[in-house]
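So the structure is just underneath, and the comments pick up after that.
A short reminder: the numbers here are calculations on the coordinates, not readings from a lab. For clarity, every value in this text was computed on a predicted model and none was experimentally measured. With ideal geometry, Cβ positions are generated from the backbone for all residues, glycine too; neighbour counts draw on all protein chains shown.
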Amino acid sequence: MFYSIKHAGKSRQENRRRAKEEVSAMEEMALAEEQLRARREEQERRNPLGSARATKIYTPGRKERGEPLTPGHTPARFGL
């Protein structure tokens, strides 16, 4: 069950006005949040790398796609 706290000395009109102001403030905040979200999405679309830049880590023995593979064994004649 929900209860509301009555503020002493306030009339019904003042309470309704205050409630309307709170609702309008919440709507303004929601609008501002939506605008911020839209700006972030636009920035991410412009810069696909974004804030989390992918750095390539090169490790020995690892081959990228399209690179020729080394033979699996040493040929019978090695060197001269």
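Multiply the residue gap between residue 11 and residue 29 by 0.36 nm, knock off their C-alpha separation, and tell me the result in nm, one decimal place. Please report the intermediate quantities before stating the final value.
Working: separation 18, 0.36 × 18 = 6.48 nm, distance 2.72 nm.
So the chain would gain 3.8 nm between residue 11 and residue 29.
What is the spin-label model distance, in nm, from residue 4 to residue 43 if the labels are put 7 Å beyond Cα along the C-beta direction?
Label-label distance for residue 4 and residue 43, simple model: 4.1 nm.
So what's the net charge close to residue 28: Lys and Arg +1, Asp and Glu -1, counting the other residues with Cβ under 13 Å from its Cβ? Mind showing how you got there, number by number?
On the way: positive: 20; negative: 21, 22, 27, 33, 34.
Taking every other residue near residue 28 into account, the sum is -4.
Under the 0.36 nm per residue contour assumption, what length would be gained going from the current alpha-carbon distance of residue 20 and residue 64 to full extension? Each step should come with its number before you reach the end.
Numbers: separation 44, 0.36 × 44 = 15.84 nm, distance 6.18 nm.
Value of the extension gain: 9.7 nm.
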